[in-house]
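One structure is given here, and the rest of the page talks about it.
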Amino acid sequence: MKAALVGLLLFAVARPDLPQFHGKAMVARALTYPLAAVIVPVVWWFRRGRTRGSYPYALDALLALPFLIDVAGNAANLYDRIDWWDDANHFVNWAILVAAFGQLLVRLPVGRLNAFGLAVGFGGVTAVLWEFAEYFTFIRNSPELRTACADTLGDLALGLSGSVLAAGLTVTLLWRDREPEQSHGIVTGRDTPARRSALRSISPGWEGVGDGSRLCGWERQAFSFSRRRSFTTFGFALPPVSFITCPTKNPSRPSLPPR
């Protein structure tokens, strides 16, 4: 797939005289589109010693696919021959792009609602940036400028719709594949060596509570009443610990105000 993307971009740069490439900013596409094909492998290579799990093949493929569809549509002159092709691309390609971002979110310790908001926000922001890029690269100097306002609004609506669809699928169907440590921020799940190591990295004084156990009750509270901490070990404390303790000469020991 990546080879096809690079090959089509080289073909477009080598044959700018073809009518399907006229006024489509193919040189700018050739300079930027390959970044989508290399960003995942490059990041993975730099983080290979700190990342657990297998290579994110789905993320890598989904990130490059929208750019391949766009270049293939230009090479086949589908944008000029089919009226609805551009609209379909904005909906489908943004759904694919947000699905790629969703593959990253399912690997992070975020909740469903936060993941949904992040995915939709990512789709909305990238759709706006794409419209900016289209305008400055070729629309402002083309006959399409006369209908650019209406086309831009329609493209943004379609891109946002595809983003919402992909975000919804991410937090429903794809969310079932998350490991317990990912879906609960390492707070719940089976007491595995990997989980014990992650918990010790958060709080060096932590000790396991038995096989198959779940952290609940006092285990969720802060392990220190130090005034230097505003957060508990596993989450937020309302009110923060620093607000319910009084200054002492030794702030590492609890000192509660008299009743």
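Here are a few things to note about the model shown:
- Exposure proxy order (Cβ contacts within 10 Å, fewest to most) of Lys2, Lys24: Lys2, Lys24
- Full-extension gain in nm, Arg140 to Val43, via 0.36 nm per residue minus C-alpha separation: 31.4 nm
- Once the Cβ-Cβ distance of Ala133 and Met1 is raised to the sixth power relative to R0 = 22 Å, the FRET efficiency obtained is 0.45.
- Spin-label pair Arg50/Leu173, simplified geometry with 7 Å Cα→Cβ offset, distance in nm: 3.3 nm
Readers should treat all values here as calculations from the given coordinates under stated rules, not as data from a laboratory. Fair warning: this is a prediction, and the values are worked out from it, not measured in the lab. Counting neighbours? That spans all protein chains shown, and the Cβs are built from the backbone with ideal geometry, glycine included.
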